[in-house]
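To start, the structure under review is shown below, and the notes come after it.
The values are calculated or read from the model by the stated rules, or taken from the named source; none is laboratory data. Here the structure is a predicted model, which means the values were calculated and not measured. Here the Cβ is made from the backbone with ideal geometry for all residues, glycine too, and neighbour counts use every protein chain on show. These accessible areas exclude ligands, DNA and RNA; they are computed on the full protein's heavy atoms, side chains included. Shrake-Rupley method; radii C 1.70, N 1.55, O 1.52, S 1.80 Å.
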Amino acid sequence: MKIDIWKTACAEGEPGCFPQLTSYLFSGAFDRTAIMKTVDTHLDKLKDEFHSYFPNIEEMSTSLNWIRNPFMVQSASIPVRL
């Protein structure tokens, strides 16, 4: 899930996936650790909220690959009835 990629990047001190946050952090003398902890907590809550709306998204993910890129999916894997 993309949120996990964002969390990993932020944990490694590379918040480049959030351009506004990056410019804010490098614009002055801030406690980056506290801000990044807040971002990490927010991403955890965002992930939990996402899972409350889409509880089985991991299971559905592979069956919906044909929507993401219809030219790279085997026709046998597409459901007959949508």
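Details
- Where F71, F26, F54 fall by accessible area, highest first, once all protein chains stay in place (1.4 Å): F71, F26, F54
- Nearest-0.05 FRET efficiency for N56 and M36, computed from C-beta distance (R0 25 Å): 0.20
- Here segment 1-52 is assigned +1 on the Cβ of each Lys and Arg and -1 on the Cβ of each Asp and Glu. Its dipole about the Cα centre then comes out at about 60 debye.
- Prolate/oblate/rounded label for segment 12-57 (Cα gyration tensor, a/c 1.5): prolate
- To the nearest 10, the accessible area of D4 is 60 Å² with a 1.4 Å probe.
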